[in-house]
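K.L.:
Structure in structure tokens, see below.
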Amino acid sequence: MQLTFLGTGTSQGIPIIGSQHPVCLSRNPKDKRLRVSVLIEWDNYSYVIDCGPDFRQQMLAQNVSKIDGILFTHEHNDHVVGLDDIRPFYFRQGNISIYAHKRVVDALKQRFSYVFEVENKYPGAPTLDVNYITNQDFKLGDKLVTPVEVLHGNLQVFGFRIGDMAYVTDAKTISKTELNKLKGLKVLVINALRIEEHHSHLNLDQALEIVEYLKPQQTYFTHISHHLGFHEEVDAQLPEGVNLAYDNLKISI
């Protein structure tokens, strides 16, 4: 399995428009972060987790010509608002499968009503095959996916474990039951927003506490804000086996 980090930033991305923060002014490509998303590939399968405002740019950057579906973690704009840009895939492949909580699908129906239109649908609009997911295992191609339920403030969000890899973003709290689904991993990807406490995201210390409990072989932090600091400086201070992810990083699992 290959995992590509399409974006590793927060809802505003880095640099933030008009910001004079030193990290936003950095010339290091690893300090430039699109909205958070990953591409997961194995055999002839290709899936994306989340579809934010940078989706088109991300697909072009990775030269992606086919996707078998999109998994949605939750309905916030930085995770869903690129949905219209699936049209080139739809025109070539036909209906595109999505996997999401019913609440997330309901939000998509409000924001992209024309996509879900049945009568008098605009010919250029994509069509989706909707797969409602709950906190129960489901199949993607020939692999089993285990949803991991976390809280983003008070909002339910799904992380996903696929084999020996798990992807968790926008988490603030995770119950012990859900956390134990993440034991025995080769690769854990989890959010670490900044140094300071945040009301709906793990900060760096909280993310490191989870890593210490789970002891995965390798951890990558994502959903990173400019307030975490310069990539090279922060990455150098992390424990062995823990690194900051960055846009376009590819790892094999």
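K.L.:
Run the accessible area of the chain with a 1.4 Å probe and give the carbon-and-sulfur part as a rounded percent.
P.N.:
Values: 5450 of 11500 Å².
Of the solvent-accessible surface of the chain, carbon and sulfur hold 47 percent.
K.L.:
Grab the Cα-Cα distance for Ser19 and Ala125, subtract it from 0.36 nm times how many residues apart they are, and report the gain in nm with one decimal.
P.N.:
Working: separation 106, 0.36 × 106 = 38.16 nm, distance 3.59 nm.
Taking Ser19 through Ala125 to full extension adds about 34.6 nm, to one decimal.
K.L.:
How large is the charge dipole for the chain, taken about the Cα centre, if only the Cβ atoms of Lys, Arg (+1) and Asp, Glu (-1) carry charge, to the nearest 20 debye?
P.N.:
Numbers: 25 positive and 30 negative charges, 77 e Å.
Here the size comes out at about 380 debye.
K.L.:
In nm, give the distance between the simple-model label positions of Gln62 and Glu232, each being 7 Å from the Cα along the Cα-to-Cβ direction.
P.N.:
2.7
K.L.:
Let me ask something else about it. Which trypsin sites (Lys or Arg not before Pro) does segment 1-108 hold that lie in a coil by DSSP with at most 14 other beta carbons within 10 Å?
P.N.:
Listed in order of number, the matching sites are Arg27, Lys66.
K.L.:
Sticking with this one: Rounded to two decimals, what is Rg over Rh for segment 121-253 when you use alpha-carbon atoms and the Kirkwood radius?
P.N.:
Computed over Cα atoms, the ratio is 1.02.
K.L.:
Here's a follow-up. What's log10 of I(q)/I(0) for segment 77-159 at q = 0.15, 0.23 Å⁻¹, Debye sum over Cα points only, no solvent?
P.N.:
The Debye formula, applied to the Cα set alone, gives -0.64, -1.23.
K.L.:
Using 23 Å as the Cα-Cα cut-off, could you pick out the over-long pairs in Lys121/Lys143; Lys109/Lys181; Lys30/Lys215; Lys143/Lys186? Numbers along the way, then the final one.
P.N.:
Working: Lys121/Lys143 34 Å; Lys109/Lys181 31 Å; Lys30/Lys215 26 Å; Lys143/Lys186 16 Å.
With Cα atoms farther than 23 Å apart: Lys121/Lys143; Lys109/Lys181; Lys30/Lys215.
K.L.:
For a quick protection proxy, order the peptides 204-217, 167-180, 73-86 by their average other-Cβ count within 10 Å, most packed first.
P.N.:
Averaged packing, sorted descending, gives the order 73-86, 167-180, 204-217.
K.L.:
Filter the GluC sites (Glu not before Pro) in segment 76-164 down to the DSSP loop ones having no more than 14 other Cβ atoms within 10 Å, then list what survives.
P.N.:
The qualifying sites are Glu117, Glu119.
K.L.:
What number comes out for accessible area per residue over segment 76-183 if the probe is 1.4 Å? Units Å², please. Walk me through the numbers before you get to the answer.
P.N.:
Working: 5170 Å² over 108 residues.
Accessible surface, normalised per residue, equals 48 Å².
K.L.:
Still on this structure: Along Cα→Cβ, 7 Å out, is where each label goes; now give me the distance between the ones at Arg111 and Asn28 in nm to one decimal.
P.N.:
Each label point is offset 7 Å from its Cα along the Cβ direction, giving 3.1 nm.
K.L.:
Then there is this: Quickly estimate the mean residue ellipticity at 222 nm for the chain, helices only: each DSSP H run with n ≥ 4 gives -39500 (n - 2.57), and the total goes over all residues, rounded to 500. Please list the in-between numbers first.
P.N.:
Details: 8 runs with 54 residues, N = 253.
Helix contribution divided over all residues of the chain: -5000 deg cm²/dmol.
K.L.:
Just to be sure I understand: if I project the alpha-carbon convex hull of the chain onto a plane and average over all orientations, what area do I get in nm²? Let's see the in-between values first.
P.N.:
Working: hull surface 53.4 nm².
For the Cα atoms of the chain, the hull's average projected area reads 13.4 nm².
K.L.:
How many percent of DSSP beta bridges within the chain run antiparallel, rounded to 5? Kindly include the intermediate steps, with their values, before the conclusion.
P.N.:
Details: 29 of 53 bridges.
Close to 55 percent.
The values are calculated or read from the model by the stated rules, or taken from the named source; none is laboratory data. Treat the numbers as computed from the prediction; the structure is a model and nothing was measured. Cβ atoms come from the backbone with ideal geometry, glycine included; neighbour counts cover every protein chain shown. Side chains included, ligands, DNA and RNA excluded: accessible areas come from the protein's heavy atoms. Shrake-Rupley method; radii C 1.70, N 1.55, O 1.52, S 1.80 Å.
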